[in-house]
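Just below is one structure, and these are the notes that go with it.
The values are calculated or read from the model by the stated rules, or taken from the named source; none is laboratory data. Predicted, not measured: the structure shown is a model, and the values here were computed from it. Reconstructed Cβ throughout: ideal geometry from the backbone, glycine too, with neighbour counts over all protein chains shown. Remember, those area values only see protein heavy atoms, side chains included, never the ligands or the DNA or RNA. Shrake-Rupley method; radii C 1.70, N 1.55, O 1.52, S 1.80 Å.
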Amino acid sequence: MKILVTGGAGYIGSHTCIALLEAGHSVIIADNLCNSRRDTIDKIINIAENEVTFLEIDVTEEQAVDVIFNNYKVDGVIHFAGLKAVGESVDIPLTYYYNNIVSTMILAKACQKYGVNRFVFSSSATVYGDNIVPFVETMDLLPTTNPYGETKAMSERILTDIANANPEFSVALLRYFNPVGAHESGLIGEAPNGIPNNLMPYVTKVAKGKLEKLRVFGNDYPTVDGTGVRDYIHVLDLAEGHVAALDNLKEGAHVYNLGTGQGTSVLELVKAFEEANSIKVPYEIVDRRPGDIASCYADASKAKRELGWTAKHDIITMCRDAWSFEKNYED
Ligand code: NAD
Ligand code: UDP
């Protein structure tokens, strides 16, 4: 199939483009490079030994999106393009609502106009809010604590309503848990601008000596060692999850958790990173970060049952691959 991948130059999108090419699909990337680099496109082509079409466009621009659908016979869309910094979304909510929701609506509109019925959407475990772990797809969603999370919940609603009204429209809403790691080549990986907000990129910067020490946000949560627990998933597994979702699309909107089902605390992750890479990660315990929940991990059984997909990489491999990317990466 010819797949339009919005945000395909980004962290998860670039790994997914490789998985799609390796599975025999062809790929059109639409990305405005607001949080990614053009040279990632060449790296995708090098790793997958296959061509991709790259279009530098903003997918909130309706005319530009229309031109893509008019010029290429698109069979399906994977919509990664979005802004994702939780803290920033509190400071500039309108930018987040506009970018993340308008892009979803414009792509859905183009799909309707051009009769494209396959749509895969990047959602997030954040839509569960502070629910009881493990998070199951059937749970009622709780409010998230930030505009970013709301853009995901709203985009899910919009796509579900469209699928309900147009039964031939097949949508997979993929709720990612915590993607980490990098391609085993070390060529592509997570490269946030500025000081990282997320744990793994922060840890790799500390290991590299670019940041002095990790600040562990709270050790008084009701968890195994008091630090926050998350379900870290290797980005390569996540990428495969998209191929599986695309291959198993069915009419209507269907939600899938993409996680490992395993929770790892902050201190467990630090220990795994030190062990995997034989390198020390200095840290100090500081106050909780506002808005954080204690534990977040998936019930990953639905994706296994319906998509035939499970995550394969363990936390040691995630730490090793995250570090091999960071070591080689030039800011
Ligand atoms: P990323 O920032 O690396 O990739 C997003 C890409 O979208 C970037 O290349 C950016 O340039 C592009 N983009 C943003 N707005 C655009 C627009 N209007 N038009 C065209 N391109 C645009 O982020 P990522 O980690 O790869 O995340 C991909 C998707 O997955 C996002 O929707 C994100 O919200 C979602 N998600 C990410 C995580 C995570 O922890 N990384 C977790 C859950 C969900
Ligand atoms: N965390 C931390 N120090 C950091 C960044 C994150 O202790 O510099 C903790 C955070 O409190 C949470 C876990 O690591 O318990 C994962 O945080 P991240 O921001 O990566 O993911 P999210 O909270 O969005 O799931």
Sum of -39500 (n - 2.57) over DSSP H runs of 4+, divided by residues of the chain (222 nm, nearest 500): -11000 deg cm²/dmol
Ranked by accessible surface with a 1.4 Å probe, highest first, in what order do 42, 225, 331 come? 331, 42, 225
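Full extension from residue 92 to residue 37: what is 0.36 nm times the residue separation minus their Cα-Cα distance, to one decimal in nm?
Numbers: separation 55, 0.36 × 55 = 19.80 nm, distance 2.29 nm.
Extra length from residue 92 to residue 37 when fully extended: 17.5 nm.
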For region 15-95, what class follows from the C-alpha gyration tensor (a ≥ b ≥ c being the square roots of its eigenvalues): rounded when a/c is under 1.5, otherwise prolate if a/b is larger than b/c, else oblate? oblate
For residue 135, other-chain or 5+-apart residues with amide H closer than 5 Å (H placed, Pro excluded) are 297, 298, 299
Can you list residues from other chains, or at least 5 along the same chain, whose modelled amide H is less than 5 Å from the amide H of residue 283? 214
If a paramagnetic tag sat 7 Å from the Cα of residue 289 along the Cα-Cβ line, which residues of region 203-240 would have the backbone N under 11 Å from that point? 203, 215-218, 228
Karplus couplings for region 189-198 from phi (6.51 cos²θ - 1.76 cosθ + 1.60, θ = phi - 60°), rounded to Hz, Gly and Pro as x? x, 8, 9, x, 6, x, 6, x, 8, 8
Region 211-323 - share of DSSP beta bridges that are antiparallel (%, nearest 5): 25 percent
Filter the trypsin sites (Lys or Arg not before Pro) in region 25-55 down to the DSSP loop ones having no more than 11 other Cβ atoms within 10 Å, then list what survives. 38
How far apart, in nm, are the 7 Å Cα→Cβ label points at residue 154 and residue 71? 3.0 nm
To check you understand DSSP bridge types, tell me what percent of the beta bridges within the chain (both residues inside) are antiparallel, rounded to 5. 5 percent
Under 25 Å between C-alpha atoms is the cut-off here; go through region 161-293 and count lysine pairs that meet it, provided they're at least eight residues apart or on different chains. 10
Can you list the residues, at least 5 places off or on another chain, whose amide H is less than 5 Å from the amide H of residue 26, using H built in the peptide plane? 2, 3
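Carbon and sulfur: what percent of the chain's accessible surface (1.4 Å probe)? Write out the running numbers ahead of the final one.
Working: 7010 of 14470 Å².
The nonpolar share, carbon plus sulfur, comes to 48 percent.
Per residue, what accessible area does the chain have, given a 1.4 Å probe and all protein chains present, in Å²? Working shown, then result.
On the way: 14470 Å² over 331 residues.
Result: 44 Å² of accessible area for each residue.
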Which of the peptides 136-145, 193-202, 117-126 is most tightly packed, and how do the rest follow, judged by the mean count of other Cβ atoms within 10 Å per residue? 117-126, 193-202, 136-145
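Given axes a ≥ b ≥ c from the Cα gyration tensor, I'd like to know whether region 180-331 is rounded (a/c under 1.5), prolate (a/b larger than b/c) or oblate.
Numbers: a/c = 2.15, a/b = 1.40, b/c = 1.53.
Cα axes put region 180-331 in the oblate bin.
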Read phi for every residue in region 26-40 and hand back ³J(HN,Hα) as whole Hz from Karplus 6.51 cos²θ - 1.76 cosθ + 1.60, θ = phi - 60°, with x for Gly and Pro. 10, 10, 10, 9, 10, 8, 8, 6, 6, 9, 7, 10, 4, 5, 4
